[in-house]
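Participant: Right, I'll just put the structure down here and ask away after.
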Amino acid sequence: MKPFNHAEFEAAAQAAWATADVYRAYENDPRFPKGKYYCVSMLPYPSGKLHMGHVRNYTINDMMYRYLRMNGYNVLMPMGWDAFGLPAENAAMKANVAPAKWTYENIADMKRQCQAMGWAIDWSRELATCDPAYYKWNQWFFLRMLEKGIAYKKTGVVNWDPVDQTVLANEQVIDGRGWRSGAPVEKREIPMYYLRITDYAEELLAYLDRMPGWPERVKTMQANWIGKSAGVRFAFTHDIRGEDGKPIGDGRMYVFTTRADTIMGVTFCAVAAEHPLATHAAKSNPKLEAFIAECRRGSVMESDLATMEKKGMSTGLFVTHPISGEAIEIWVANYVLMSYGDGAVMGVPAHDERDLEFAQKHGLPIRQVLENTLVYDEQQRALHPRSKDPYLYFDATEPWKAWYADKSGVLTINSGKYDGKTHEEAVEAVAADLAAMGLGEKKITFRLRDWGISRQRYWGTPIPIVHCAACGDVPVPEKDLPVVLPEDCVPDGSGSPLVKRADFVDTACPKCGGPGKRETDTLDTFVDSSWYFMRYANPHAPTMVDPRNDYWNPIDQYTGGITHAILHLLYARFWTKVMRDMGLVHMDEPFTKLLTQGMVLNHIYSRRTDKGGIDYFAPAAVEVVHDEAGHVVGARSKVDGKPVDYDGVGTMSKSRLNGVDPQDMVDRFGADAARLFVMFAAPPEATFIWSDAGVEGAHRFLRRMWTFAQTHADTVKSAAGTFDWRDAAASVKTARRELHLALKQANYDYERIQYNTVVSAGMKMLNALEDVPAGAAGSAALVREGLAILIRVLYPVVPHIGCALWADLGFTGEHGPLLDARWPQVDPLALAQDEIELVLQVNGKLRGKVVVASSADKAAIEAAVRASPDLARHTAGTPIKRLVIVPGKLVNVVV
RNA sequence: GCCCAGGUGGUGAAACUGGUAGACACAGCGGACUUAAAAUCCGCGGGCGCCUCACCGCGCCGUGCCGGUUCGAUUCCGGCCCUGGGCACCA
């Protein structure tokens, strides 16, 4: 028998694939009658090593590829590298190496690892986003968007490190301090480029309903992110004049509200720290100025803003209530965001949770204007909700939710002329009155903000703009593209190294020829990943896209981490629509079907050091302590034997030492075993917590399959030809039924992309084949049929061993090479049974079984049930009230 | 804080449209083979209790917790708890 040597047959298979270039895809390939199928995985960041998430992601994609190809599709699976970004700069600082060199070496390493995994990648289409031939088109398209007004410039807020004099990414801000300097981070406004994604908000939202191939949860997340809300935008008037003597904002302070029906409950207004009225008031109020400065310190992250204590300070300024004419005090509040709406809100403490908290803290009046909503408690000076109905006392952080809630039967009170109106009536009446006064109108707003694409970083696509003293911001002409990023910079953490590169910065103004300075900001890396899947279709085209793009795109099946559910997927959708509107592509949406792969988590172990720091321990370096029942009660280090803390589970990361290197698994057990195990461990969409306990099991299964196939090689060859299964022995018929049941399950699970049970089905097949008694009538024919099915069903998971066995058993002659062999079919005759077993329940509890002919009708089943001794034993003569018969499944007797 | 998802044996999980909970595996235990070990093969396996010399068998409970709908709920509905992920400059 040929010995099992995974290193040998894996290398042989990979070499054969490479030599024949079998994964190269061609447009309109006549070999594949069912047409194109474009399946793409989100491109990896080239960190240098494949991690478990990659193995999972690309194996899922590889299984689709192979399954679909055997089913007649012209499949393309490309690969590229999301090569720009912060990690390369961090590595550069640590190792004093240029990000470019680090990145290119990592790409080479990772490409080798991909090839060792046996993935069916068409490498002729490989791209790296840091290649000028790629990012040239980022620049070109950015300039087209600038022409169309989709790209524009305005100031934006960033994290600023006052010591390093540099902009910090959110991940570089730790507990409000710069990661390198330790200095408290400040917010700073700088000019940046933005893309008008908000112009597409309505379409991005509306199309979600036309995307049946996307998971509901992702669509919900995107819809919430876009955050459409219908309300009223109106102005409070005032006569607050600036230094120029003119009224600030033309004497109007605009607010947006979804709850115009509560307008008579306004007892204060709140503005963001950056609001012009706040700035104005601070000029004559040092305390307020200090408060605004305090608001400027700290993070720009939404999660931090939301959990901060609600702080505020009065400006001493007043605006006029548009309906009542009352003077309303303006406060500066840290929970009001300048970037949402107009940076000002009306405060209705009686019917808004956050306003209430704010009013209680600062002693502001509370005025109830909806009946039956809140009970005012004099003692506590607080309003308690009488009901948890979301309308009655709604959560103001999600105004659009309240809008959709049931609002029937609640009337306005204490509201003058609006008394006694329902919510809808009151909103309409208030909106109409405000419109008549010329102060406001009904408006749809979105939570979605325009996409800021400027990054004050080195390792990214240079923004193709030249600043000229005479001409202003001048776009680089198309003939001068790409603006090439110098690849020999080594960042040191203090600002962008590009700024210090005179050879890059100093240039001639393209317009007047005078001295100009290049923009040193680079584009957000989300720009790179917004259209790379189009470039795969025409990787070397002299234009951004060409007609080959229309052949492959849109992507039929897109696979990637759930972590990208919002940002990347939304940006790519937006980008595609802009390209469509410019006539470059002819599709509305880029991703027809989406699979969001679950994360791979691992346990985290740590120990506090004497100095207050944290030491992490790799799970492999920790011995877990169990109690008698097998439950985990603690852990200790394998090195010093002392206890370590268990911190739960989290994503695999270098810093927490809980990553697992797939290469190690591949070296010890082979790529097929690694692939099989990762696919078997959990369904593709589920989060799974890593455990390497099963890898050996996967390897053992492959050995078993190999041994079975090799020992039966002669049987298989001698059993060629057709066999009439009606002549098979009963035991052979039973085994064959199990085989075809497993095949049916596998087919179903391939279609619904549940690959863990595909593996189970393969295991069941092998179990059934091993139980076939040698020498029984038809046993040789069944072993032959079974192996031919088993190898094909598992081939998408374990292609290397599949190819080796396929050839060794001589199936190539009958079915052709495994790569393009036809997918096996279920034989309905193999599934047919003469008798079936029905489950017998009494009052819903399992009480026995009844065997009836498979053709039995309801009357026959009922007769069999009534005759059943199991029934008699459990009913003891109690009359039967009802008989529920589920054909083919069970009978429930109700007594 | 908000949004999204998940919670089933010692462990990973399965259960397709509301119909036998735990398929298929891992770890474990028992046995066979072996001078021995590894490998391989066979068997056992949710909890509690009962019956019995033993086999065969029986009852109750059980899918995070509380409640509801139903002949029947891991599955549907309401409320709660816990865990993970995202929150716009990580990719």
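Participant: Using the heavy atoms of the protein chains and a 1.4 angstrom probe, tell me the accessible area per residue for the range A:622-717 in square angstrom.
Facilitator: With all protein chains present, the range A:622-717 gives 53 Å² per residue.
Participant: Next question. How big is the range A:711-750 on each of its three principal axes, counting only the C-alpha atoms and giving the largest first in Å?
Facilitator: Largest to smallest, the principal-axis extents are 33, 23, 18 Å.
Participant: Given A:Q172, A:W123, A:A83, which one lies farthest toward the positive end of the charge dipole of the range A:64-194, if we put +1 on the Cβ of every Lys and Arg and -1 on the Cβ of every Asp and Glu?
Facilitator: Of the candidates, A:W123 comes out farthest on the positive side.
Participant: Hand me the trypsin sites (Lys or Arg not before Pro) from the range A:563-623 located in a DSSP loop with no more than 15 other Cβ atoms within 10 Å, in residue order please.
Facilitator: Within the range A:563-623, the qualifying trypsin sites (Lys or Arg not before Pro) (loop, at most 15 other Cβ atoms within 10 Å) are A:K611.
Participant: So what's the gap between the Cα centers of the range A:534-586 and the range A:846-883, to the nearest angstrom?
Facilitator: If you average the Cα positions of each part, the centres end up 61 Å apart.
Participant: How much length would be gained if the chain were fully extended between A:K154 and A:R180, taking 0.36 nm per residue of separation minus their Cα-Cα distance, in nm to one decimal?
Facilitator: Computed gain between A:K154 and A:R180 is 6.5 nm.
Participant: For the pairs A:K849/A:K881; A:K153/A:K287; A:K187/A:K310; A:K36/A:K577; A:K36/A:K764, note any where the Cα-Cα span goes beyond 24 Å.
Facilitator: Beyond 24 Å between Cα atoms: A:K153/A:K287; A:K36/A:K764.
Participant: Which value, in debye to the nearest 20, describes the size of the charge dipole of the range A:83-186 about its Cα centre when Lys and Arg Cβ atoms bear +1, Asp and Glu Cβ atoms bear -1, and nothing else is charged?
Facilitator: Here the range A:83-186 has a charge dipole of around 320 debye.
Participant: In chain A, if the dipole is taken from +1 on Lys/Arg beta carbons and -1 on Asp/Glu beta carbons about the Cα centre, which of A:Y418, A:P497, A:G53 is farthest to the positive end?
Facilitator: Highest projection toward the positive end goes to A:G53.
Participant: Express in Å², to the nearest 10, the accessible area of A:T19 obtained by rolling a 1.4 Å probe over the protein heavy atoms while all chains stay in place.
Facilitator: 120 Å²
Participant: Can you compute the modelled spin-label distance between A:K511 and A:A169, with each label point 7 Å from Cα toward Cβ, in nm?
Facilitator: Simple spin-label model gives 3.4 nm for this pair.
Participant: In addition: Considering the options A:M192, A:A16, A:F446, tell which one lies farthest towards the positive end of the dipole of chain A, charges being +1 on Lys and Arg and -1 on Asp and Glu at the Cβ, about the Cα centre.
Facilitator: It is A:A16, whose Cα lies furthest towards the positive end.
Participant: Rounded to a whole number of µm²/s, how large is the Stokes-Einstein D of the range A:589-713 at 20 °C and 1.002 mPa s, given Rh as the Kirkwood radius over C-alpha pairs?
Facilitator: My calculation gives 125 µm²/s for D.
Participant: What FRET efficiency comes out for the pair A:Y748/A:K34, r = Cβ-Cβ distance, R0 = 25 Å, nearest 0.05?
Facilitator: With a Förster radius of 25 Å, E is 0.80.
Participant: Something else now. Using alpha carbons only, how many angstrom separate the centre of the range A:754-821 from the centre of the range A:645-710?
Facilitator: Computed from Cα coordinates, the inter-centre distance equals 23 Å.
Participant: If r is the Cβ-Cβ distance from A:R700 to A:K845 and R0 is 56 Å, what FRET efficiency results, to the nearest 0.05?
Facilitator: 0.90
Participant: At a probe size of 1.4 Å, how large is the accessible area of A:R367, to the nearest 10 Å²?
Facilitator: 80 Å²
Participant: Under a 5 Å amide H to amide H cut-off, with H placed in plane at 1.01 Å, what residues pair with A:Y45 once short-range neighbours are removed?
Facilitator: Here A:D82 satisfy the definition.
Participant: Please label the shape of the range A:284-352 as rounded, prolate or oblate, based on the square roots a ≥ b ≥ c of the eigenvalues of the alpha-carbon gyration tensor (a/c under 1.5 means rounded; beyond that, a/b larger than b/c means prolate, else oblate).
Facilitator: oblate
Participant: Please work out how much length the chain gains when fully extended from A:R726 to A:A327, using 0.36 nm per residue of separation minus the C-alpha to C-alpha distance, in nm with one decimal.
Facilitator: Stretched out fully, the A:R726 to A:A327 stretch lengthens by 134.2 nm.
Participant: Charges at C-beta only: +1 for Lys and Arg, -1 for Asp and Glu. How large is the resulting dipole of the range A:530-618 about its Cα centre, in Debye rounded to 20?
Facilitator: Once rounded to the nearest 20, the dipole reads 300 debye.
Participant: Same structure again: Leaving out ligands and nucleic acids, note down the accessible area per residue over the range A:227-280 with a 1.4 angstrom probe, in whole Å².
Facilitator: Dividing the accessible area of the range A:227-280 by its residue count gives 32 Å².
Participant: How much of the pair distance distribution for the range A:1-83 lies past 18 Å, counting alpha-carbon pairs only, in percent?
Facilitator: 58 percent
Participant: Report the label-to-label distance for A:D503 and A:A108 in nanometres (one decimal), using points 7 Å from each Cα along the Cα→Cβ vector.
Facilitator: Result: 2.2 nm between the two label points.
Participant: Can you give the FRET efficiency for A:R210 and A:V894, using 1/(1 + (r/R0)^6), R0 = 56 Å, r = Cβ-Cβ distance, to the nearest 0.05?
Facilitator: 0.75
Participant: Where does each of A:D503, A:D857, A:D749, A:D164 land when they are ordered by accessible area, with a 1.4 Å probe and the largest first?
Facilitator: Putting A:D503, A:D857, A:D749, A:D164 in descending order of accessible area: A:D503, A:D857, A:D164, A:D749.
Participant: Could I ask something else about it? Once the principal axes of the Cα atoms of chain A are found, what is the range along each, listed largest first in whole angstroms?
Facilitator: If we take the Cα atoms of chain A, the spans are 105, 85, 64 Å.
Participant: Hey, rough spin-label estimate for A:D714 and A:I689, points 7 angstrom out along Cα→Cβ, what's it come to in nanometres?
Facilitator: The modelled label-to-label distance comes out at 5.1 nm.
Participant: To continue, here is another question. At most 11 other C-beta atoms within 10 Å and a DSSP loop state: those are the exposed GluC sites (Glu not before Pro) I care about. Give me the longest piece of chain A that has none.
Facilitator: In short, A:629-895.
Participant: Note down the magnitude of the dipole of the range A:113-243 about its Cα centre, charges +1 on Lys and Arg C-beta and -1 on Asp and Glu C-beta and zero elsewhere, to the nearest 20 debye.
Facilitator: Rounded to the nearest 20 debye, it is 260 debye.
Participant: Could I ask something else about it? What percentage of the solvent-accessible surface of chain A, computed with a 1.4 Å probe over protein heavy atoms, is contributed by carbon and sulfur atoms?
Facilitator: 52 percent
Participant: Report, in order of residue number, the helices in chain A meeting two criteria: a C-alpha extent of 18 Å or more along the helix axis, and a mean Kyte-Doolittle hydropathy of at least 0.5; treat each whole DSSP H run as one helix.
Facilitator: Answer set is A:779-794.
Participant: Here is a further query. Roll a 1.4 Å probe over the protein chains and send me the accessible area per residue for the range A:125-193 in Å².
Facilitator: Spelled out: the 1.4 Å probe surface of the range A:125-193, per residue, equals 43 Å².
The values are calculated or read from the model by the stated rules, or taken from the named source; none is laboratory data. Treat the numbers as computed from the prediction; the structure is a model and nothing was measured. Using ideal geometry, Cβ is built from the backbone for each residue, glycine included, and neighbour counts are taken over all protein chains shown. In case anyone asks, the SASA skips ligands and DNA or RNA and just uses the protein heavy atoms, side chains included. Shrake-Rupley method; radii C 1.70, N 1.55, O 1.52, S 1.80 Å.
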